[in-house]
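A short worksheet on the structure shown next.
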Amino acid sequence: MQINLEETRKIAFATAIIGFIALVFFLPEETYTPIEEITAKNTGQKIRVLGTIEQLVLKNNNAFFELKNNATISCAYFNPDTRQMVLLKENQPITAKGTINLYDNKIQLLVEEVGKIDE
């Protein structure tokens, strides 16, 4: 069986469309967890939150801050790289991705990545 150029194009186009549709359905959607909904039951879960940085303390290349958006959560960011450190400023709105942890019986977000919120 021989496939001509036109048939090859149709097969390639159909495969590309099917691949695109599969990506749309199978890629996980990034969702944000409202800070006020986070409880101790979320310990160990990876989440993403939106908020404004308050009470920022930089110490030994680590960042500790509160993230506020209708509620407040303590955050610890250990050894952020330079690109991430630039985003950490008092009153800066950011997204933060990390794991919920309990520290001294208080809920804390161990931050793995921050992002800028485009206004």
Filter pass, residue 77 being of a type in the set (Phe, Trp, Tyr) and surrounded by 15 or more Cβ atoms within 10 Å (Cβ to Cβ): yes
Among (1) within 15 Å of the chain's Cα centre (by Cα); (2) modelled with pLDDT under 90, the one test that residue 93 misses: (2)
Subset of segment 96-119 (residues that are over 17 Å from the mean Cα position of the chain (by Cα) and touching a residue at least 60 places away in the same chain (Cβ under 8 Å)): 102, 107
Segment 50-74: number of residues that are out of contact with any Lys or Arg (no Cβ under 8 Å at 6 or more places or on another chain), within 14 Å of residue 109 (Cα to Cα), assigned to a strand (DSSP E or B) and not polar (S, T, N, Q): 8
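The values are calculated or read from the model by the stated rules, or taken from the named source; none is laboratory data. Model, not experiment: these values are computed from the prediction. All Cβ positions, even for glycine, are placed from backbone atoms using ideal geometry, and neighbour counts span all protein chains on display.
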